[in-house]
1. Looking at residue 156 and the list (1) within 17 Å of the chain's Cα centre (by Cα); (2) open to solvent by 10 Å² or more (accessible area, probe 1.4 Å); (3) closer than 18 Å to residue 95 by Cβ, which single condition is not satisfied?
2. Could you pull out every one of the strands (runs of 3 or more DSSP E) wholly within the stretch 24-133 that has 2 or more residues that are of a type in the set (Phe, Trp, Tyr)?
3. Can you list the helices (runs of 4 or more DSSP H) found entirely within the stretch 149-216 that contain at least 1 residues being acidic (Asp, Glu) and out of contact with any Gly (no Cβ under 9 Å at 6 or more places or on another chain)?
4. Can you tell me which of (1) free of Cβ contacts under 8 Å to residues at least 12 places away in the same chain; (2) farther than 29 Å from residue 164 by Cβ is the one residue 107 doesn't meet?
5. Find all pairs meeting these conditions: Cβ atoms under 6 angstrom apart; at least six residues apart or on different chains; first residue within the stretch 173-194 and open to solvent by 10 Å² or more (accessible area, probe 1.4 Å); second residue aromatic (Phe, Trp, Tyr).
6. Among the residues of the stretch 65-84, which ones are acidic (Asp, Glu) and open to solvent by less than 80 Å² (accessible area, probe 1.4 Å)?
7. From the list 34, 28, which residue is at pLDDT 95 or above, surrounded by fewer than 17 Cβ atoms within 10 Å (Cβ to Cβ) and either out of contact with any helix residue (DSSP H, G or I) (no Cβ under 9 Å at 6 or more places or on another chain) or polar (S, T, N, Q) (or both)?
8. Which of the residues belonging to the stretch 195-216 are open to solvent by less than 30 Å² (accessible area, probe 1.4 Å) and under 26 Å from residue 127 (Cβ atoms)?
Amino acid sequence: MKTTAIRLSLAGVLAATALAVTTPAHAQETLPLQTAVAALPVADEDRTGYDRDLFRHWIDADRDGCSTRAEVLLEEATTTPSVTGRCTLDGGEWYSWYDDVYVAGPRGLDIDHLVPLAEAWDSGASNWTAERRERYANDLGDERALVAVTARSNRQKADQDPAEWLPGDAVVCRYVADWTAVKHRWALSVDPVEQQMLTDLAAGCPDVPVTFTPAD
């Protein structure tokens, strides 16, 4: 009986180990946009204590000489710029999809946090560690999180959510889907007005999927 019990116990351990190996800790999920919006947690926003400096950004995480800003510019360039010295970019061209504009050279571009830092703070990041806020501010793991856009459109948007600012009509569905994906990726909430606007907009975006992988 004792041998049988040991075997059963060992089998249980092996089964648990196999499950841990085969089941990813952060599995990718795909949901219809309307379902994804409905699944976002709803909470009132609170900006108490917010300071942009609480999100350390434009770091050089892989120490290759290029900051997060430069990494995004290199990734999103429609015409690749030249790179000299410690990741100085020259030339190149980019497409700013917020306002349907092509931009020559990197100087006319901002790197937008699709879900702004202040909005993230309001939606749950105020409770994060400094290290997690840094990872959010430099998220290169999801191409939707950071976007190269015209300085003009980025400053028009500022820290507003989709109830307050939207890009051109032709890309609204993309913007809503990307916003929803980033919020899910980082387990951020939406406020009631934001939720209603996302719900209304998603209704006009049939068959749009939202795929996201929860951040560590």
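1. For residue 156, the exception is condition (1).
2. In the stretch 24-133, 93-96 are the strands (runs of 3 or more DSSP E) which contain 2 or more residues that are of a type in the set (Phe, Trp, Tyr).
3. Ranges flagged: 172-185, 192-203.
4. For residue 107, the failing item is (2).
5. As it stands, the answer is 184/212; 185/212, since those pairs meet every condition given.
6. 71, 76
7. Answer to the selection: 28.
8. Selection gives 198, 210, 212, 215.
The values are calculated or read from the model by the stated rules, or taken from the named source; none is laboratory data. Owing to the predicted nature of the structure, the values given are computational and were not obtained by experimental measurement. Don't worry about glycine lacking a Cβ; one is built from the backbone with ideal geometry, like all the others, and counts go over all protein chains shown. SASA here: full protein model, heavy atoms, side chains in, ligands and nucleic acids out. Shrake-Rupley method; radii C 1.70, N 1.55, O 1.52, S 1.80 Å.
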